[in-house]
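The structure under discussion appears below in the form of structure tokens.
The values are calculated or read from the model by the stated rules, or taken from the named source; none is laboratory data. Treat the numbers as computed from the prediction; the structure is a model and nothing was measured. Cβ atoms come from the backbone with ideal geometry, glycine included; neighbour counts cover every protein chain shown.
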Amino acid sequence: MEEKLLMVKEKLEKYGQEHLLNFYETLSENKKNQLLDELLTMDFKQLQDLYNSTKTQPNYEGAKIEPISHVSKEELSEEELEKYTTIGEEEIKNGKLAVVTMAGGQGTRLGHSGPKGTYDIGLASHKSIFEILCDNFKLAREKYGVVIPWYLMTSDENHEETVAFFEKNNYFGYPKEAVQFFKQGTLPMINTNGKVLLDEERMPKLAPDGHGGVFEAMRKNGVIYSMQEKGIEWVFIGGVDNVLVKPIDPVLTGLATEKNMLVACKSLVKANPQEKVGVFCKKDGRPNVIEYIEISEEMANAKDENGQLLYGEAHILCNQFNIKILEELANNKLPYHAAFKKASYTNENGEVIKPEEPNAYKFESFLFDAFSLIPDMLVLRVKREEEFAPVKNATGVDSPETARNLYNNFHHLN
Ligand code: UTP
């Protein structure tokens, strides 16, 4: 232990992070050991680089941005729709589809104390979001006669509670063996001086590393391997917080199969040029999503010859990947984006501070940054009222209330 402590001290001195041992002596033997292990493996060089990156703005000048083509589901002829549905259904019936739900986020805007999936959006049935998602799998089992494997990505913060919720609810009547949980990676949070924060327990404060961490987490936890073993061909990867998500979609699967696309994503037509959503585009010839904060006003308002927005395909985190590309994506490091957030911490006097204003950087990678590693992808435009009811904020837009109304309208429950 002494030797380990000396090694850690040396490492911390090198990177100016000595404060991380300030409360070492007050910790239990177990925690002391855990702290030393965490600090020994922590990549302080990476943190230094990430801290430096917070001082520069991303520069998109010089990149060639172009519109991307899409297929509109509404504009498919009856024959086409039938053709793709049949192909997709065949894939699904043959057990070629698996679903990953990314539920590792912190859900700070919603402000619910448990995992977001445990939230009751106020339906008459009082189903939780997890149960609403599970209904898709139960319906597919009835319709196609297959039990589709369901993988849920959690984080250190919410893993135990998520698993306990599924256990308590008997997996909502879906076979337990078909449901697998895996944890995503974390990164330390740093203050405005680049110092790693200590959490309430005087350990380094860690936060989930963003939905872009899904590929690496799938590889590290053997999820890709498990899918390969099962003969899975297609993996739908989506967020936990869209109560109208259609993770098992024969049309999307059929189109991707028929057109030989390794990635197929759903889009919605952007409600207006100012809507705060990322839009699909091509950047330097590769598929990409340009975030609403990055898009210039000119681009946001640009229209094609039919009067439609040139950059009007909103990304809704509904993406289907062929298993062949997943490993490649998992082996590539995605860039991290810094977000300035409110984060409670233990100060140098050992007091827990709960700040009123943002005080710390959290680093996240974004799933759609992986698109630039793919030569081409299919973008399928679907209808907002059929497939998109997000639960993001406690009140107002994209809140439980708006999601509940959209869900009830779609299911004719009013
Ligand atoms: P959001 O970016 O909306 O984040 O995640 P969030 O955590 O739900 O909410 P805020 O921003 O803290 O209020 C979109 C989807 O990606 C998942 C979320 O669980 C959600 O399903 N996600 C996000 C992860 O699984 N891990 C992450 O690190 C971040």
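Scanning the range 350-387 for residues that are crowded, with 22+ Cβ neighbours inside 10 Å and either basic (Lys, Arg) or more than 23 Å from residue 290 (Cβ to Cβ) (or both) returns 360, 362. Just one of the listed residues (248, 293) is within 22 Å of residue 406 (Cα to Cα) and either in a loop (DSSP other than H, G, I, E, B) or charged (D, E, K, R) (or both), namely 248.
The residue list 414, 408 contains one member that is part of a helix (DSSP H, G or I) and farther than 30 Å from residue 208 by Cα, which is 408. For the range 106-123, filtering for residues that are within 14 Å of the chain's Cα centre (by Cα), small (Gly, Ala, Ser) and either away from the ligand (no atom under 13 Å from the Cβ) or modelled with pLDDT under 95 (or both) leaves 1. In the range 347-357 there is at least one residue that is in contact (Cβ under 8 Å) with a residue 40 or more places away in the chain and out of contact with any helix residue (DSSP H, G or I) (no Cβ under 9 Å at 6 or more places or on another chain).
Of the residues making up the range 344-368, those that are within 14 Å of the ligand (Cβ to nearest atom) and of a type in the set (S, T, N, Q) number 1. Residue count for the range 240-283 under the criterion of being in contact with a helix residue (DSSP H, G or I) (Cβ under 8 Å, 6 or more places away or on another chain), farther than 22 Å from residue 104 by Cα and within 16 Å of the ligand (Cβ to nearest atom): the result is 1.
Within the range 118-167, the set of residues being of a type in the set (Gly, Ala, Ser) and on the phi > 0 side of the Ramachandran plot comprises 122, 145.
Screening residue 50 against (1) more than 30 Å from residue 380 (Cβ to Cβ); (2) within 16 Å of the ligand (Cβ to nearest atom); (3) in contact with a helix residue (DSSP H, G or I) (Cβ under 8 Å, 6 or more places away or on another chain) leaves a single unmet condition, (3).
Residues in the range 69-90 that are buried (at least 16 other Cβ atoms within 10 Å of the Cβ) and under 25 Å from the mean Cα position of the chain (by Cα): 70, 71, 73, 88.
Screening residue 65 on (1) aliphatic (A, V, I, L, M); (2) surrounded by 15 or more Cβ atoms within 10 Å (Cβ to Cβ); (3) at pLDDT 95 or above shows it passes everything except condition (3). Would you confirm whether or not the range 391-400 contains a residue that is free of Cβ contacts under 8 Å to residues at least 24 places away in the same chain, assigned to a helix (DSSP H, G or I) and of a type outside the set (Gly, Ala, Ser)? No - not one qualifying residue is present in the range 391-400.
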